[in-house]
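Below you'll find the structure, written out as structure tokens, and then a few comments.
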Amino acid sequence: MTEQNQKTSLVRVNGTNYLVPFVLVTSLFLLWGFAHSLLDVLNKHFQNILHVNYTQSAFVQFSVYIGYLLMGIPAGLIMKKFGYRKGIIFGLLLFATGAFMFYPAAKMGTFLPFLVALFIIACGLAFLETAANPYTTVLGPKDSAAQRINLSQSFNAVGWILGPLLGGLLIFGAEHSENAGKFDSLLTPYMIIGCVVLVVALGFVFTKLPEIKEESDQQHMDENPPMRLLLKYPFFVLAVVAQFLYVAAQTGINSFFINYVTIELPNVQEPVNNLMSHLGAFGRVFMPKNPEQAASLVLAFGGMGMFWIGRLSGSFLMKYFKPQRILAVYGTICTILMAMVVSGLGWLSVISLFSTYFFMSIMFPTIFALGIQNLGPLTKKASSFLVMAVAGGAFLPLAMGAIKDSTGSMALGFVLPLLCFSFTAFYGIYGYKIKAKV
């Protein structure tokens, strides 16, 4: 293999083929994407069957993203001691446990047991994301790390499409059945998730993954440096802030997407039905039975579909443009689109809302890759903070729900994602290049 081929390969470095580990680790991205996107259906579902207000329903997201906050650092420390593979297996087992806990929670029939189950799922996801994100960045040449993580994250976007698509069919489609219990519609998707996750865990048990040692431009750095050294890297500290705000924005948008669409377009079911009728047998399967299911289809194909296309095209664009430049442009566009959403202009605002998904698609992996660049032995600890920054998703939905409950305006709450996207644009323009204080 020539030096040029080694440089352009996504999964080959120094003659070692990392294709199989890359594919296996990439499968995790789809799993947690599916788990996260189901939350957006759960949020509206609990409003419907428990008659909780917007702020209370946001505890669905809070229970998940607070798990990242509490488990982020422990996950990173465990990875440091036991390695990526064992951490992934443990995370998958936690994930499956939380999914199976939906069965007793459905039988109890109250809100709290579901929140506990979601919290346990989140603890498992924290392990998976702490391992998988940095793992993809080291399975190949360093200069293509951002491109590689975006390629893996494109499969995460597939999971985000499947969540509202299948969730809308199985949850919103079943909740009006006269013979079904209030929570029975939640059992099928989560029992399936639990079984699939166990199968994937077995795959990791019987597959040998290489334990990659991170490279560093600073050869003098100790093999186990203290965590406080991370504070000497302003580009990393700002990456944590940018990641916190980006995930806050994405989660806030996800949480109230269905609410926004059904409020802004109360007759959304009719045009969606017309569209699905032109798709033959496929369309008939997913023909919405109510406005909420119609909005979930808009989320799946409009929002998450754009998210997936954005991830794929973003990975391609990073061959020709620097990741930070794309981040700056996309962050600016998202800020403008959110202003359109806040304006409440009917279909124009709804189109702006799901178009945002295209431009925010590359933000998480790009911020992640920029935030851990050249950190060497600090990489695992740094990645745990960047995963912990996902806790931003715990707080913004609560704030947006409170704005809706207090003002009666769903659109006004989207001012908060607008402010968050403006900071991601700043990080892409300037924050990423502030040098280390060493």
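Scan the chain and hand back the longest stretch that contains none of the GluC sites (Glu not before Pro) lying in DSSP loops with at most 15 other Cβ atoms within 10 Å. It works out to 224-438. For the range 304-361, chymotrypsin sites (Phe, Trp or Tyr not before Pro) meeting the loop criterion (DSSP other than H, G, I, E, B) and having at most 16 other Cβ atoms within 10 Å: 320, 321. Against the chain, whose longest principal axis comes from its Cα atoms, helix 187-205 is set at around 20 degrees.
Rounded to the nearest 10 degrees, the angle from helix 145-167 to the longest Cα principal axis of the chain is 20 degrees. Pair-distance distribution P(r) for the chain, from all Cα-Cα distances in 20 Å bins starting at 0: 27, 59, 14, 0 percent. When the Cα gyration tensor is reduced to axis lengths a ≥ b ≥ c, the ratio a/c is 1.5 or higher for the range 337-438, and with a/b above b/c it is classed as prolate.
With only the Cα atoms considered, the range 74-133 has a convex hull volume of 61 Å³ per residue. Rounded, prolate or oblate: which fits the range 310-362 when a ≥ b ≥ c are the square roots of the eigenvalues of the alpha-carbon gyration tensor, with rounded for a/c under 1.5 and prolate only if a/b beats b/c? It is prolate, given that a/c is not under 1.5 and a/b is the larger ratio. Projecting the Cα atoms of 76, 160, 104 onto the charge dipole of the range 25-184 (Cβ charges, centred on the Cα centre) puts 76 farthest toward the positive pole. Just check the range 231-380 against the gyration tensor rule for me: Cα atoms, a ≥ b ≥ c as the square roots of the eigenvalues, rounded for a/c under 1.5, and otherwise prolate or oblate depending on whether a/b exceeds b/c. Judged from the Cα gyration tensor, the range 231-380 comes out prolate (a/c at least 1.5, a/b above b/c). The angle between the Cα long axis of helix 19-50 and the main principal axis of the chain comes to about 30°, on a 0 to 90 degree scale.
Can you flag which of 182/289; 208/380; 80/232; 381/404; 142/232 are past 26 Å Cα-Cα? Those over the limit are 381/404. Computed from phi, the 3J(HN,Hα) profile of the range 335-347 under the Karplus parametrisation 6.51, -1.76, 1.60 (θ = phi - 60°) reads 4, 5, 5, 5, 5, 5, 5, 4, 5, x, 10, x, 4 Hz, with x in place of Gly and Pro.
No lab work stands behind these numbers, since they all come straight from the coordinates. Worth saying up front: this structure is predicted, and the values here are computed from it rather than measured. In this analysis, Cβ positions are derived from the backbone assuming ideal geometry, glycine residues included, and neighbour counts consider all displayed protein chains.
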